[in-house]
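Taking it in order: structure first as structure tokens, then the write-up.
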There are 2 protein chains.
Amino acid sequence: MRYAVLGTGEVGRTLGGKLIELGHEVSLGSRVKDNPAAVEWADSMGPGAGHGTFAEAAAFGEVVVNAVGGRVALTVLRSVDEEHLDGKIVLDVSNPIAFEEGQVRLAPVESDSVGEQIQRAFPNTRVVKSLNTINCYLMVDPAMVPGEHQIFVSGEDQSAKEQVTALLGEFGWPPHRVIDLGGIRTARAAEMMLPLWLTLFQHIGHPEFNVEVRRAR
Amino acid sequence: MRYAVLGTGEVGRTLGGKLIELGHEVSLGSRVKDNPAAVEWADSMGPGAGHGTFAEAAAFGEVVVNAVGGRVALTVLRSVDEEHLDGKIVLDVSNPIAFEEGQVRLAPVESDSVGEQIQRAFPNTRVVKSLNTINCYLMVDPAMVPGEHQIFVSGEDQSAKEQVTALLGEFGWPPHRVIDLGGIRTARAAEMMLPLWLTLFQHIGHPEFNVEVRRAR
């Protein structure tokens with residue numbers, strides 16, 4: 001499968017690297033054509049790994065992974081011709097986070113989410129929110145943390161969620177550890193876990209943790 | 001120990017009932033003196049169980065449990081003479097939730113929390129936020145759900161958090177399953193779990209669940 005991974009940060013490079021390792025082809029998208037991080041990443045990955053502008057990457061990918069910050073996601077996606085997005089799955093792994101005066105601020109929060117924003121702005125895409133609740137190394141290597149901890153998916157399109165669930169399976173998440181929260185509106189709940197994640201990160205001292213939903217029956 | 005439990009809803013009655021069962025004395029506080037739910041509760045509980053206005057309950061309690069809705073917590077606490085709060089632990093188990101046009105709305109959210117609001121308004125109290133992340137029956141019977149799932153505490157006063165942790169121990173939460181998130185500001189993170197809780201409640205179909213934080217080391 002051909003993937004566009006938008007964003008050359010740690011999240012994008014980590015997801016892209018795992019996709020290459022799994023035998024997929026990846027174009028790592030960036031604001032500029034020859035982003036040094038993207039060039040270095042593609043060189044180190046070898047065959048199957050390419051890079052380009054956000055538009056070039058999106059044109060290449062059959063699935064588009066949004067791995068840029070949640071607050072710039074719409075700007076980035078608007079730089080892509082809609083024809084290169086139409087009908088495609090957009091896997092949104094972002095959080096709408098910024099640091100303001102040393103404090104974390106989410107925007108939107110509670111009454112909207114990045115997942116919904118993308119789905120509204122690009123109604124011909126099929127947005128699936130997932131993976132935003134954990135660190136990127138854990139995204140692609142769930143065995144790093146013991147236990148039956150889970151990952152969430154949110155989205156309107158059932159077949160898109162199934163396809164993402166299959167991809168999560170390739171990453172190491174068996175289907176029973178993928179919780180379908182419901183429609184894209186439930187991305188709000190997943191994005192609002194960020195403050196707890198940051199607080200636990202401070203408490204635990206490293207990012208290798210996740211939550212396991214335990215239930216009586 | 002003498003507890004004031006403010007609020008005669010399911011949460012207040014459940015917490016109050018468990019406290020009585022544990023041998024404590026409880027005054028269940030309400031807006032009016034002879035709230036039928038409070039009278040019935042006290043009658044059914046027998047010795048050790050009383051009721052009164054919010055002010056009377058608070059005057060009685062050595063520890064004050066806020067089990068009214070998060071959005072009315074300040075109004076309720078302001079109806080109590082400050083002398084009946086000063087120096088006391090206020091255990092805040094509330095969420096600032098309301099339903100608006102069929103949608104859940106938290107207020108405050110993200111930039112503030114009920115826990116902080118109470119601590120600011122009553123600087124001579126020692127506010128501990130806890131238990132707001134789970135259903136009230138699970139609060140007092142953690143074995144209802146399998147696994148080493150946890151409960152959070154947030155607050156400025158270490159000895160108050162220790163006293164609450166001891167109370168949680170009486171409820172059945174061993175100390176290693178009480179995660180101290182930090183100062184009262186971290187109540188924001190705990191309160192922002194509510195949308196995930198509601199989404200999981202819908203997904204699972206019953207409220208007997210909790211999250212277990214799993215970590216690599």
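The values are calculated or read from the model by the stated rules, or taken from the named source; none is laboratory data. The model shown is predicted, which means the values in this text are computed figures rather than measured ones. Here the Cβ positions follow ideal geometry from the backbone for every residue, glycine too, while neighbour counts run over all protein chains shown.
For A:Ser154, state whether it is within 18 Å of the chain's Cα centre (by Cα), away from every other protein chain (no Cβ under 11 Å) and among the hydroxyl-bearing types (Ser, Thr, Tyr).
For A:Ser154, the condition - within 18 Å of the chain's Cα centre (by Cα), away from every other protein chain (no Cβ under 11 Å) and among the hydroxyl-bearing types (Ser, Thr, Tyr) - is not met.
Hey, among B:Gly23, B:Gly9, B:Gly102, B:Gly87, which residue is modelled with pLDDT under 95 and either surrounded by fewer than 17 Cβ atoms within 10 Å (Cβ to Cβ) or of a type in the set (D, E, K, R) (or both)?
B:Gly102
Which of the residues spanning region B:75-129 are closer than 24 Å to B:Leu167 by Cβ, within 14 Å of chain A (Cβ to nearest Cβ) and among the small types (Gly, Ala, Ser)?
B:Ser113, B:Gly115
For region B:15-59, which residues satisfy the criterion of being of a type in the set (S, T, N, Q) and touching a strand residue (DSSP E or B) at 6+ places or on another chain (Cβ under 6 Å)?
Matches in region B:15-59: B:Ser27 only.
Of everything in region A:207-216 that's at the interface with chain B (Cβ under 7 Å from one of its Cβ atoms) and not in a strand (DSSP E or B), which residue is surrounded by the most Cβ atoms within 10 Å (Cβ to Cβ)?
A:Glu208
Mind listing whichever residues of region A:31-68 are under 20 Å from A:Asn132 (Cα atoms) and in contact with a Ser or Thr (Cβ under 6 Å, 6 or more places away or on another chain)?
Result: A:Asn66, single match.
Check every one of the helices (runs of 4 or more DSSP H) wholly within region A:1-107 and list those with 2 or more residues that are out of contact with any Gly (no Cβ under 9 Å at 6 or more places or on another chain).
Counting at least 2 such residues, we get A:10-21, A:36-45, A:73-78.
Which of the following residues is surrounded by fewer than 20 Cβ atoms within 10 Å (Cβ to Cβ) and in contact with a Gly (Cβ under 7 Å, 6 or more places away or on another chain): A:Glu156, A:Glu148?
On inspection, the qualifying residue turns out to be A:Glu156.
Assess whether A:Val64 counts as being more than 15 Å from the chain's Cα centre (by Cα) and touching a residue at least 24 places away in the same chain (Cβ under 8 Å).
no
Identify, from the list A:Ile134, A:Ile204, the residue that is among the β-branched types (Val, Ile, Thr) and touching a residue at least 24 places away in the same chain (Cβ under 8 Å).
A:Ile134
Return yes or no: is B:Gly29 more than 13 Å from the chain's Cα centre (by Cα) and crowded, with 16+ Cβ neighbours inside 10 Å?
yes
State all residues of region A:181-205 that are facing another protein chain (nearest Cβ under 7 Å) and part of a loop (DSSP other than H, G, I, E, B); if no residue qualifies, say none.
A:Met192, A:Met193 - these are the residues of region A:181-205 that are facing another protein chain (nearest Cβ under 7 Å) and part of a loop (DSSP other than H, G, I, E, B).
In the list A:Glu170, A:Glu191, A:Glu116, which residue meets the criterion of being surrounded by fewer than 23 Cβ atoms within 10 Å (Cβ to Cβ) and among the charged types (D, E, K, R)?
Result of the check over A:Glu170, A:Glu191, A:Glu116: A:Glu170.
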